[in-house]
């Protein structure tokens, strides 16, 4: 009897750094910073200031925002 191994992708945390968001989405860190500075991304919903005063992105909500499906 032969079994098939399944591979699982590790789950990503909801809140990730700008660098991780850039690596996963193709947006540059500078582009993400610019969107935050211009107020295009709602603070507290899509981004927040995390530990160490670093900006963090809520990845699932950011993806909804990209698709135009985020209601706020």
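The values are calculated or read from the model by the stated rules, or taken from the named source; none is laboratory data. Please read these numbers as outputs of a predicted model, since none were measured by experiment. All Cβ positions, even for glycine, are placed from backbone atoms using ideal geometry, and neighbour counts span all protein chains on display.
For residues that are in a loop (DSSP other than H, G, I, E, B) and on the phi < 0 side of the Ramachandran plot, scanning just the stretch 46-72, find the one that is nearest to the chain's Cα centre (by Cα).
46
Kindly provide the set of residues from the stretch 41-59 that are surrounded by 13 or more Cβ atoms within 10 Å (Cβ to Cβ) and either within 14 Å of residue 18 (Cα to Cα) or in contact with a strand residue (DSSP E or B) (Cβ under 8 Å, 6 or more places away or on another chain) (or both), ordered by number.
41, 45, 46, 47, 48, 50, 55, 56, 57, 58, 59, listed by residue number.
Can you find a residue in the stretch 36-45 that is modelled with pLDDT of 95 or more and assigned to a helix (DSSP H, G or I)?
yes
Kindly list, by first and then second residue, each pair from a residue in the stretch 14-31 that is in contact (Cβ under 8 Å) with a residue 40 or more places away in the chain to a residue that is assigned to a loop (DSSP other than H, G, I, E, B), limited to pairs with Cβ atoms under 9 Å and residues at least 6 apart or on different chains.
Cβ pairs passing all conditions: 15/50; 17/50; 17/54; 21/27.
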